Amino acid sequence: MGKALRWLLALVMLVGAVGAGVGSASAAPATAKPATAEPDIKDRILAIPGMRLVEEKPYDGYRFFVLTYTQPIDHRHPAKGTFEQRFTLLHKSTDRPTVFFTSGYNVNTSPRRSEPTQIVDGNQVSLEYRFFAPSRPQPADWSKLDIWQAASDQHRLYRALKPVYGKKWLATGGSKGGMTATYYRRFYPNDMDATVAYVAPNDVVNEEDSAYDRFFASVGTAECRTKLNAVQREALVRREEILARYQKWADDEGQTFTVVGSADKAYENVALDLVWAFWQYHGVSECADVPAPTASTDELYTFVDDISGFAAYTDQGLETYTPYYYQAGTELGSPSFETPHLDGLLRYPGIYTPRSYVPREIPMRFRPNAMRDVDTWVRHDARRMLFVYGQNDPWGAERFRLGKGAEDSYVYTVAGGNHGSNIAQLAADEKAKATAAVQRWAGVQPAAKPLAPYDARLDRREVEREPALRP
């Protein structure tokens, strides 16, 4: 409470200093000095207690800042320590709406603009998720990494910035970022004016994953599904030959397998990712590129690396994403699916779970009610929420759905879309409706297209290749 009061006092002093010049002008003689100009946006942001500037990067038409904000390690007990949470600010104007973006992972420290930011021509605040380095408390108490604590990080930063950016606010994010935006809205429903969540998984009951089996039995074409299953099986039939190359690559690159246990265990995970990762990042048009089971080992090795990625399950590949795997194993849940075509080839039953990817010294206990609570809230209490999914994205097999209690909320699906699906890819009528809704929620003049012109660098939609268990 004391910090909140100091923020308000600082802002009152800023506004008061500007207002004093304007107010005194009406009573002053004609020779009075002109009113003081509005403080620079950087000065206004840094006047907020807890803010620290890392750097400012120039970008035409914007101011772009990399900053940190001091947050409590535990929002329930703020006196028990703090950490610096990194975020970026793409500043357009305080007269424009603001989009609160998170990827659910690390923050990109280069200027980027999410689709809603382009649609409303607004500002963008992008927050790094707690416990992703360098936004990690030291020492790290992993019990303080949960969806409520992360939502409280967003709430507190929003409260700090709202006096500066007083227009409408929208939360957004894709994949885990879409989940994060939804959880934030569930715990602090009055902060944001609307939420736009892209390809956000919703694993309500972690033990019940039959939706994924139905998905893989029908996605794409029968021919493509058969080709993918055959090459996945062949990748395990030739395990020893490929494993020798994998181990040599790891030795040459200084990659290790302490967490998952061995190169053989890592390779089994890589192979299990293959079909999922293909549909997550590719599409039916690329089925022609899937090699036949009779392909050379060189071709097979390259295909597995291109689709699944041999680096994913090394210690070095896992380390960055330890916070995600921890959450998947404690609250978010993770997918499982049947693989009858791999019978007799899998050596490590039960290895394909988040617990396998988190160092053993970090304790994990699953809390099954977290996702049920969020799902119930979305179905019955969603207001001004938009969900976008891809038809051929496996993560959409378990998705958010709206119930009778939802108001002014929508779920759209991109035909043939993968994990990079967005509003721009929707059918024309749905695209127009979704765009109009986002602009209406942001309080800007409705138009059938984004209000800001496309910028190839700023609007780059970056969908990184990731393992199947990481959205």
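Values as computed for the structure displayed
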{"item": "Residue check, P189 modelled with pLDDT of 95 or more, surrounded by fewer than 17 Cβ atoms within 10 Å (Cβ to Cβ) and in a loop (DSSP other than H, G, I, E, B)", "result": "yes"}
{"item": "Scope segment 405-451; condition of a type in the set (A, V, I, L, M), part of a loop (DSSP other than H, G, I, E, B) and out of contact with any strand residue (DSSP E or B) (no Cβ under 8 Å at 6 or more places or on another chain); matching residues", "result": "A415, A427, V444, A447, A448, L451"}
{"item": "Test result for D373, open to solvent by 20 Å² or more (accessible area, probe 1.4 Å), closer than 27 Å to F187 by Cα and in a helix (DSSP H, G or I)", "result": "yes"}
{"item": "L46 being hydrophobic (A, V, I, L, M, F, W, C), open to solvent by less than 60 Å² (accessible area, probe 1.4 Å), over 18 Å from M192 (Cβ atoms) and modelled with pLDDT of 95 or more", "result": "no"}
{"item": "Those residues of segment 169-186 which are part of a strand (DSSP E or B) and open to solvent by 10 Å² or more (accessible area, probe 1.4 Å), in sequence order", "result": "G174"}
{"item": "Criterion: free of Cβ contacts under 8 Å to residues at least 24 places away in the same chain and open to solvent by 30 Å² or more (accessible area, probe 1.4 Å) - qualifying residue of T94, T109, T70", "result": "T70"}
{"item": "Residues located in segment 126-162, provided they are free of Cβ contacts under 8 Å to residues at least 40 places away in the same chain and either surrounded by 23 or more Cβ atoms within 10 Å (Cβ to Cβ) or aliphatic (A, V, I, L, M) (or both)", "result": "S126, A140, A150, A151"}
{"item": "Which numbered condition V196 fails, given (1) outside any helix (DSSP H, G or I); (2) open to solvent by 20 Å² or more (accessible area, probe 1.4 Å)", "result": "(2)"}
{"item": "Enumerated helices (runs of 4 or more DSSP H) restricted to segment 253-364, each holding at least 2 residues that are open to solvent by less than 20 Å² (accessible area, probe 1.4 Å), small (G, A, S) and under 23 Å from E207 (Cα atoms)", "result": "263-281"}
{"item": "Positions within segment 177-230 being among the small types (G, A, S) and closer than 30 Å to R156 by Cβ, in sequence order", "result": "G177, G178, A181, A194, A197, A200"}
{"item": "Test set (1) outside any loop (DSSP other than H, G, I, E, B); (2) of a type outside the set (D, E); (3) more than 24 Å from G174 (Cα to Cα) - A211 fails condition number", "result": "(3)"}
{"item": "H380 being crowded, with 17+ Cβ neighbours inside 10 Å, modelled with pLDDT of 95 or more and not aliphatic (A, V, I, L, M)", "result": "no"}
{"item": "Identity of the residue in segment 214-252, out of contact with any Phe, Trp or Tyr (no Cβ under 8 Å at 6 or more places or on another chain) and outside any helix (DSSP H, G or I), that ends up least open to solvent (accessible area, probe 1.4 Å)", "result": "R238"}
{"item": "Test for E462: is it under 23 Å from L272 (Cα atoms), within 18 Å of the chain's Cα centre (by Cα) and either open to solvent by less than 40 Å² (accessible area, probe 1.4 Å) or at pLDDT below 95 (or both)", "result": "no"}
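The values are calculated or read from the model by the stated rules, or taken from the named source; none is laboratory data. What you see is a predicted model, and the numbers here were worked out from it, not measured in a lab. Note that each Cβ is placed from the backbone with ideal geometry, even for glycine, and that neighbours are counted across all protein chains shown. In case anyone asks, the SASA skips ligands and DNA or RNA and just uses the protein heavy atoms, side chains included. Shrake-Rupley method; radii C 1.70, N 1.55, O 1.52, S 1.80 Å.
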